[in-house]
Structures are given as structure tokens and as C-alpha cells.
1. Restricting the search to region 97-132, which residues are of a type in the set (S, T, N, Q) and surrounded by 12 or more Cβ atoms within 10 Å (Cβ to Cβ)?
2. Would you point out which residue out of Q38, Q18 is assigned to a helix (DSSP H, G or I) and touching a residue at least 40 places away in the same chain (Cβ under 8 Å)?
3. Check whether at least one residue in region 51-62 is open to solvent by less than 70 Å² (accessible area, probe 1.4 Å), free of Cβ contacts under 8 Å to residues at least 40 places away in the same chain and among the charged types (D, E, K, R), and report yes or no.
4. Just the residues that are free of Cβ contacts under 8 Å to residues at least 60 places away in the same chain and out of contact with any Ser or Thr (no Cβ under 8 Å at 6 or more places or on another chain), please, taken from region 121-133.
5. State yes or no: is Y37 open to solvent by 80 Å² or more (accessible area, probe 1.4 Å), modelled with pLDDT under 85 and not aliphatic (A, V, I, L, M)?
6. Name the single residue that is farthest from the chain's Cα centre (by Cα) among those in region 133-158 being assigned to a strand (DSSP E or B) and surrounded by 14 or more Cβ atoms within 10 Å (Cβ to Cβ).
7. Go through region 63-96 and report how many residues are more than 27 Å from T110 (Cβ to Cβ) and open to solvent by 60 Å² or more (accessible area, probe 1.4 Å).
8. Does K7 satisfy being basic (K, R) and either touching a Cys at 6+ places or on another chain (Cβ under 7 Å) or free of Cβ contacts under 8 Å to residues at least 24 places away in the same chain (or both)?
Amino acid sequence: MREGLIKDTYELIIKEIQTVITASYIIAVGIGMLFNYQKYSEFDINIFNYSDVFDFLIAPFSDFYILFFATASILFVSILIKLDTLWKNKWPKSYAKANFVPDNKSWYKTYRIVLFIISFFLYLYLSADYYGKYTKNKISNQNNISIKLADNEIKSGKLIGKTKDVLFLLNNGNVYAIPITSLVKEIKIK
């Protein structure tokens, strides 16, 4: 009897951990997609036209800042929800005044969840926009690189980034998409 209880508890914990890890990874991929989009949109590149699914599945791990921000965002929101619950339980009068809504209403729980979701997405969008501007400044200040193409032509410029199939260069205000695996020489974007 006792052995079955321990085994059932262990299996339940493992399933919960798997669910949390899966949900966290999906959120991290979404954050990585948003951040990559903002980074490339600063150079008028629609990254969705040049990427495949694998590029976005590894997006949270391709840049340390995205990985750090995804982890920090998930932890920040979790802590914020815990602090909100603590405030609601410890000081209900000040909590009700601060929210302008009595927390004993039937619709309050839904209101609270929607408010957290809207705040989280707004926070993500503003942070991704800042990240895009930060990386554009960082790229503008980096040294030029040189790439030797298949026909021995050398292209130089500042490396914006790359996907599995395309390399993006900034050269004198022009943005070039250079395919890595085909005979196409270059695509001038801007």
C-alpha cells in the first residue's frame, strides 16, 4: 500500500515537472520569435520570410540576452503573481483600494487573470522593442566582416545575423540577404 502511494506521488511530480518544462519552453520560443522579429525589423527585414521552424525552435538559445530575458520574464511574472496573492491575503483593504475593484466580486478572478496577461504581453512587447534598438546599436558599432562567395567575390559589412539558409549583412546603409546554400549570389533588401 505504502509503496504504491510513493510511486503514484513520484509519477504525479514527474508529470507536473514535464508540463512546467514544456510550457516554459513554448513560452521561451514565443519570446525568442518576438525578440528576433524586433531585432531584424530594425533593419526592415521580415525574418519570417527567411526562417524555418527550426530557426525559431532554437531562438531562445541562439542569443544569451533572449535566453536570459525569457527566463527572467517567466520568473518575474511568477513572483509578481505570488506577491499579488500575498498582498491580497495579508492586506485586503489596501489591495481592494489599489485595484479600484472589490476583490469579492464573482468576476474579479477573471479580471485579475486578464490583467496579468495583458500586462505580461505589454511588458514583452516593450522589452522586445528595446532589445531591437539595443542590438541595432550594437551591430552598428561592430567591426566589418568579409565573406568570400562561391565566385571568389568578397562581400564585407556588419553581420546582422543569420538563419539556417541566409546570412544578413549591413553595408553602407544597405541590407543584403546572402543565401548560404544556393547559387543565388545575393538579395538586396534595403
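1. N99, S119, S127
2. Q38
3. Scanning region 51-62 turns up no residue that is open to solvent by less than 70 Å² (accessible area, probe 1.4 Å), free of Cβ contacts under 8 Å to residues at least 40 places away in the same chain and among the charged types (D, E, K, R).
4. Of everything in region 121-133, those that are free of Cβ contacts under 8 Å to residues at least 60 places away in the same chain and out of contact with any Ser or Thr (no Cβ under 8 Å at 6 or more places or on another chain) turn out to be F121, L122, L126, Y130.
5. Here the answer is no, as Y37 does not meet what is asked.
6. Per the stated criteria, the residue is K155.
7. 5
8. Against the criterion (basic (K, R) and either touching a Cys at 6+ places or on another chain (Cβ under 7 Å) or free of Cβ contacts under 8 Å to residues at least 24 places away in the same chain (or both)), K7 qualifies.
The values are calculated or read from the model by the stated rules, or taken from the named source; none is laboratory data. This structure is a prediction, so every number in the text was calculated from the model and none was measured. Please note: Cβ atoms are built from the backbone with ideal geometry, for glycine as well, and neighbour counts cover all protein chains shown. The protein model used for the area step is the full one, side chains on, heavy atoms only, and it has no ligands, DNA or RNA in it. Shrake-Rupley method; radii C 1.70, N 1.55, O 1.52, S 1.80 Å.
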